[in-house]
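Only one structure is covered here, and it is reproduced in the block below.
The values are calculated or read from the model by the stated rules, or taken from the named source; none is laboratory data. In this text, all values refer to a predicted model and were calculated from it rather than measured experimentally. When we count neighbours, we look across all protein chains shown, and the Cβ atoms used for this are built from the backbone with ideal geometry, even at glycine. The accessibility values were calculated without ligands, DNA or RNA, using every heavy atom of the protein model including side chains. Shrake-Rupley method; radii C 1.70, N 1.55, O 1.52, S 1.80 Å.
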Amino acid sequence: MKSFDDLKLSAPLARAIAELGYSAPTEIQQQALPILLGAPTDFIGQAATGTGKTAAFGIPLLEKIDASKKLVQGLILCPTRELAVQVSGQINLFGKHKGVKAVPIYGGASYTAQLEGLKHGAAVVVGTPGRIIDLIDRGALKLANVKTVILDEADEMISMGFKEDLEKILKATPRETGHIWLFSATMSPGVRRVADTYLRKPKQVQINRGEMLSTTVEQIYYLARESDKPDLLIKLIESAGDF
């Protein structure tokens, strides 16, 4: 697979990808897309942040969604509200010509917009575990028609203490007719236990260790006293005009 044209995507998805300027797929996309666009399967993808994982799972997720059904068919779990908003935005860009929309669900924000998004028939929900469980318990989020659950940054979610929440959500999704796609930068013991417990004969892709750090991410650190960190952070934000 050298280009997205090789995938023979549906016209709405192919148009959206062309408009976004996507041409050569990244390593994780090259390996994951042919698998996830094929026969339904559970899946484990190991790749670092910034390597193109959102497209690797977002494109096949959208291909499998029936846009005529105003039901939640895809659920994407993220460790932070920032990532949930980012992933939701990308899904909306990919799905705009297919008429598929994603709604971001996360804590620390008003319920109103999130509930409205669900009422208007969002096919994809992208959210943090805590707020997802909250809306499930309220009866506002129904998972009976979910065909694909995606764990994005699974290692981060587990390290942040969301393991029990993840398990509660996975138990609430239909496993007989659905599948789980787990994406993680590392396979910690906690991630491995979740995979072994909930995934069935998953197909796996692992990016070479030498390629695990994204070339698009610049990493810098500063040594500072604890008391100086707020002022330093403010200065860094002010110095980054496009932050």
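Each residue of region 184-190 was assigned a 3J(HN,Hα) from its phi angle through the Karplus expression (A = 6.51, B = -1.76, C = 1.60, θ = phi - 60°), giving 7, 6, 10, 10, 5, x, x Hz with x at Gly and Pro. Across region 108-115, rounded Karplus estimates of 3J(HN,Hα) from the backbone phi angles (6.51 cos²θ - 1.76 cosθ + 1.60, θ = phi - 60°) give x, 9, 4, 6, 4, 5, 5, 5 Hz, Gly and Pro being marked x. Compute the distance from the alpha-carbon center of region 90-119 to that of region 1-67, in whole Å. If you average the Cα positions of each part, the centres end up 20 Å apart.
Cross-linked pairs 64/101; 168/201; 64/163; 101/168; 64/201; 69/201: Cα-Cα separations exceed 23 Å for 64/163; 101/168; 69/201. Of the accessible area of region 79-170, computed with a 1.4 Å probe over protein heavy atoms only, carbon and sulfur atoms account for 51 percent.
Taking each residue as 0.36 nm, the span from residue 232 to residue 15 lengthens on full extension beyond its C-alpha to C-alpha distance by 73.7 nm. Label sites at residue 137 and residue 86, each approximated as a point 7 angstrom past Cα along Cα to Cβ, lie 2.9 nm apart. Across all C-alpha atoms in region 111-207, the radius of gyration and Dmax reach 13.8, 40 Å. For region 1-138, the solvent-accessible area works out to 42 Å² per residue, with a probe of 1.4 Å and every protein chain left in place. Above 28 angstrom, tally the Cα pairs of the chain and express them as a % of all pairs, no decimals. Roughly 33 percent, rounded to a whole number.
Quote to one decimal, in nm, the extra length available between residue 192 and residue 171 on full extension: 0.36 nm per residue of separation minus the C-alpha distance between them. Working shown, then result.
Numbers: separation 21, 0.36 × 21 = 7.56 nm, distance 1.70 nm.
This chain segment gains 5.9 nm when fully extended.
How much length would be gained if the chain were fully extended between residue 242 and residue 206, taking 0.36 nm per residue of separation minus their Cα-Cα distance, in nm to one decimal? Spell out each step's value before the answer.
Details: separation 36, 0.36 × 36 = 12.96 nm, distance 3.25 nm.
This chain segment gains 9.7 nm when fully extended.
Going highest first, how would you order 174-184, 141-151 by mean Cβ packing within 10 Å? Write out the running numbers ahead of the final one.
On the way: 174-184: 18.7, 141-151: 20.9.
In decreasing order of mean packing, 174-184, 141-151 become 141-151, 174-184.
Here's how it looks for residue 204: its modeled amide H is under 5 Å from those of 44, which are all 5 or more places away or on a different chain. Around the amide H of residue 179, modelled in the peptide plane, lie the amide H atoms of 148, 149, all under 5 Å away and 5 or more residues distant in sequence or on another chain. Loop-located trypsin sites (Lys or Arg not before Pro) in region 1-31 (DSSP state not H, G, I, E or B) with no more than 14 neighbouring Cβ atoms inside 10 Å: 2, 8.
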